[in-house]
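The values are calculated or read from the model by the stated rules, or taken from the named source; none is laboratory data. These numbers were taken from a predicted model, which means no experiment stands behind them. Because the Cβ atoms are built from the backbone with ideal geometry, glycine has one as well, and the counts that use them run over all protein chains shown. Ligands, DNA and RNA are stripped out before the accessible areas are found, and what is left, the full protein with its side chains, is counted by its heavy atoms. Shrake-Rupley method; radii C 1.70, N 1.55, O 1.52, S 1.80 Å.
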Amino acid sequence: MAKPISSSANFIAEIIGEESLAGQHMQAGALLDLIDLCAGRIAWKHSNGPVATVSFDRVNFLQPVYHLDLVKVMGRIIIVGSSSMMIEVQGFRKSFSQSPGSDFIPVCKCYVTMVAINELGRPRPGVPQLIYENSEQERERDLATERKRLTAQWAEMHAAIDNSAQVYKAADVMDKLNLGKATYVTIPQTAVTTKRQFLPRHQNSNKTIFGGDLLLDMSKIAIHAARQFVSQRQVLILAMNRVFFKQPVALHDFVEMTARIVYVRTHVMEVEIDVFLEKPDGSRVRSHSGYFSVLCVDENYNKKPLAVGLQLQDEDQESLRAYVKAKERFAFYRQHEALD
């Protein structure tokens with residue numbers, strides 16, 4: 001039976017952060033966690049059963065969030081397939097210092113794809129179709145459909161570079177904004193690796209780890225890698241690029257994350273994160289990857305030029321390929337998404 005879009009709408013609102021840090025900048029991971037929770041709740045209700053996070057579209061953070069902000073995340077299903085659901089999610093914040101009755105401030109908007117699953121964790125067909133109730137919902141459907149097309153194009157761009165036999169030359173691929181830095185380090189020198197096992201409190205009803213908890217950890221290692229790169233504490237996440245969850249993470253899995261700086265511009269560095277799972281039998285499988293754009297700022301949180309650049313080397317083809325992909329991701333964003 002089809003359901004109207006309005007019946008899927010829901011929200012989560014929480015006061016986030018630490019009392020001792022009230023009013024200070026908070027990194028984006030907590031917001032990503034809430035987005036995942038909200039999208040999952042909406043998808044579960046619409047599909048009448050368990051769901052799993054498949055992917056996050058690009059998330060641009062328009063405003064910083066601060067400790068002890070009231071953060072509201074609201075969403076609705078906007079497209080459905082046989083077993084999949086795309087949820088439009090918007091995030092807002094309100095500070096305790098705002099006057100009573102003041103409006104929430106928009107922070108972000110993104111699309112999260114969930115899939116209905118059965119007791120074996122396989123896709124569960126038969127998700128109710130949608131009833132579009134007005135022209136605004138139809139416009140949002142068309143926008144979400146375009147986002148799906150861009151995501152497929154983005155993935156094809158990545159695959160073309162990965163599958164190419166081209167041998168890159170550092171001088172040919174280097175962006176001019178990487179020139180003139182005070183110091184240089186290689187991409188492997190920027191790597192940071194963490195390895196942990198999640199606890200039962202991180203499990204969802206499917207007996208796997210919440211996607212939001214994984215995103216929270218990814219944001220932490222992205223920030224650490226960026227801070228290490230610029231040798232200072234003050235950095236801010238501007239965006240998280242697309243994340244595709246290809247493997248469910250079980251409680252008994254070790255989760256290994258490696259972050260490295262793969263591209264720099266004037267003020268912004270891109271952090272690539274690869275996530276692998278170590279199974280109890282010792283086997284190792286790739287789970288997913290993600291990309292964070294991180295801004296270098298001064299003590300007053302104004303943009304600060306990067307003094308460190310990336311030293312590219314012809315003999316390190318793997319790093320050159322990562323650099324080329326990051327460069328193409330930025331060009332893709334500028335061409336297709338910067339005005340979203």
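Just one of (1) in contact with a His (Cβ under 8 Å, 6 or more places away or on another chain); (2) assigned to a strand (DSSP E or B) trips up F11, so point out which.
For F11, the failing item is (1).
Report yes if V230 is more than 26 Å from K109 (Cβ to Cβ), open to solvent by 20 Å² or more (accessible area, probe 1.4 Å) and in contact with a strand residue (DSSP E or B) (Cβ under 6 Å, 6 or more places away or on another chain), otherwise no. So that I can check it myself, show each step before the final result.
Values: more than 26 Å from K109 (Cβ to Cβ): yes; open to solvent by 20 Å² or more (accessible area, probe 1.4 Å): yes; in contact with a strand residue (DSSP E or B) (Cβ under 6 Å, 6 or more places away or on another chain): yes.
Taking the combined requirement at face value, the residue satisfies it.
Here's the yes/no breakdown for (1) part of a helix (DSSP H, G or I); (2) open to solvent by less than 50 Å² (accessible area, probe 1.4 Å):
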{"site": "G17", "(1), (2)": "no, yes"}
{"site": "L34", "(1), (2)": "yes, yes"}
{"site": "L37", "(1), (2)": "yes, no"}
{"site": "G40", "(1), (2)": "yes, yes"}
{"site": "A43", "(1), (2)": "yes, yes"}
{"site": "Q63", "(1), (2)": "no, no"}
{"site": "V73", "(1), (2)": "no, yes"}
{"site": "I87", "(1), (2)": "no, yes"}
{"site": "F92", "(1), (2)": "no, yes"}
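Yes or no: segment 287-307 includes at least one residue that is closer than 30 Å to I209 by Cβ, among the polar types (S, T, N, Q) and either at pLDDT 95 or above or surrounded by fewer than 13 Cβ atoms within 10 Å (Cβ to Cβ) (or both).
Looking only at segment 287-307, we keep the residues that are closer than 30 Å to I209 by Cβ, and these are 287-295.
Applying the additional criterion that residues be among the polar types (S, T, N, Q) yields 287, 289, 293.
Subsequent filtering for residues that are either at pLDDT 95 or above or surrounded by fewer than 13 Cβ atoms within 10 Å (Cβ to Cβ) (or both) retains 293.
There is at least one residue in segment 287-307 that is closer than 30 Å to I209 by Cβ, among the polar types (S, T, N, Q) and either at pLDDT 95 or above or surrounded by fewer than 13 Cβ atoms within 10 Å (Cβ to Cβ) (or both).
Kindly list the number of the only condition in (1) on the phi < 0 side of the Ramachandran plot; (2) open to solvent by 30 Å² or more (accessible area, probe 1.4 Å) that fails for A116.
For A116, the exception is condition (2).
Give just the number: which of (1) surrounded by 19 or more Cβ atoms within 10 Å (Cβ to Cβ); (2) of a type outside the set (D, E, K, R); (3) in a helix (DSSP H, G or I) does I77 not satisfy?
With respect to (1) surrounded by 19 or more Cβ atoms within 10 Å (Cβ to Cβ); (2) of a type outside the set (D, E, K, R); (3) in a helix (DSSP H, G or I), I77 is out only on (3).
Only residues in segment 206-232 that are assigned to a helix (DSSP H, G or I) count as the first member; pair them with residues that are among the charged types (D, E, K, R) and open to solvent by less than 40 Å² (accessible area, probe 1.4 Å), Cβ under 7 angstrom, at least 6 apart or cross-chain, and list the lot.
Here the result reads G211/D36; G212/D33; G212/D36; D213/D33; L215/D33; L215/D36; L216/D33; A225/R260, each pair linking segment 206-232 to a residue that is among the charged types (D, E, K, R) and open to solvent by less than 40 Å² (accessible area, probe 1.4 Å).
Answer yes if at least one residue in segment 162-172 is within 19 Å of T113 (Cβ to Cβ), free of Cβ contacts under 8 Å to residues at least 60 places away in the same chain and outside any loop (DSSP other than H, G, I, E, B), and no otherwise. Explain how you work it out, then say what you get.
Initial filter on segment 162-172 (within 19 Å of T113 (Cβ to Cβ)): none.
No, because not a single residue in segment 162-172 is within 19 Å of T113 (Cβ to Cβ), free of Cβ contacts under 8 Å to residues at least 60 places away in the same chain and outside any loop (DSSP other than H, G, I, E, B).
Return yes or no: is E136 closer than 21 Å to A9 by Cα and not basic (K, R)?
Values: closer than 21 Å to A9 by Cα: yes; not basic (K, R): yes.
So E136 fits the description; yes.
Report yes if some residue within segment 29-50 is within 26 Å of K94 (Cβ to Cβ), over 20 Å from the mean Cα position of the chain (by Cα) and among the hydrophobic types (A, V, I, L, M, F, W, C); otherwise report no.
no
List the residue pairs whose Cβ atoms are under 8 Å apart, where the first residue sits in segment 261-273 and is more than 12 Å from F229 (Cβ to Cβ) and modelled with pLDDT of 95 or more, the second is assigned to a strand (DSSP E or B) and open to solvent by 10 Å² or more (accessible area, probe 1.4 Å), and the two are 6 or more positions apart or on different chains.
Pairs found: H267/L295; H267/K303; E272/R260; E272/S289; E272/Y291; I273/T258; I273/S289; I273/Y291.
Against the condition farther than 28 Å from D142 by Cβ, open to solvent by 30 Å² or more (accessible area, probe 1.4 Å), aromatic (F, W, Y) and more than 19 Å from the chain's Cα centre (by Cα), how does F11 come out, does it pass? Explain how you work it out, then say what you get.
Working: farther than 28 Å from D142 by Cβ: no; open to solvent by 30 Å² or more (accessible area, probe 1.4 Å): yes; aromatic (F, W, Y): yes; more than 19 Å from the chain's Cα centre (by Cα): yes.
Answer is no for this residue.
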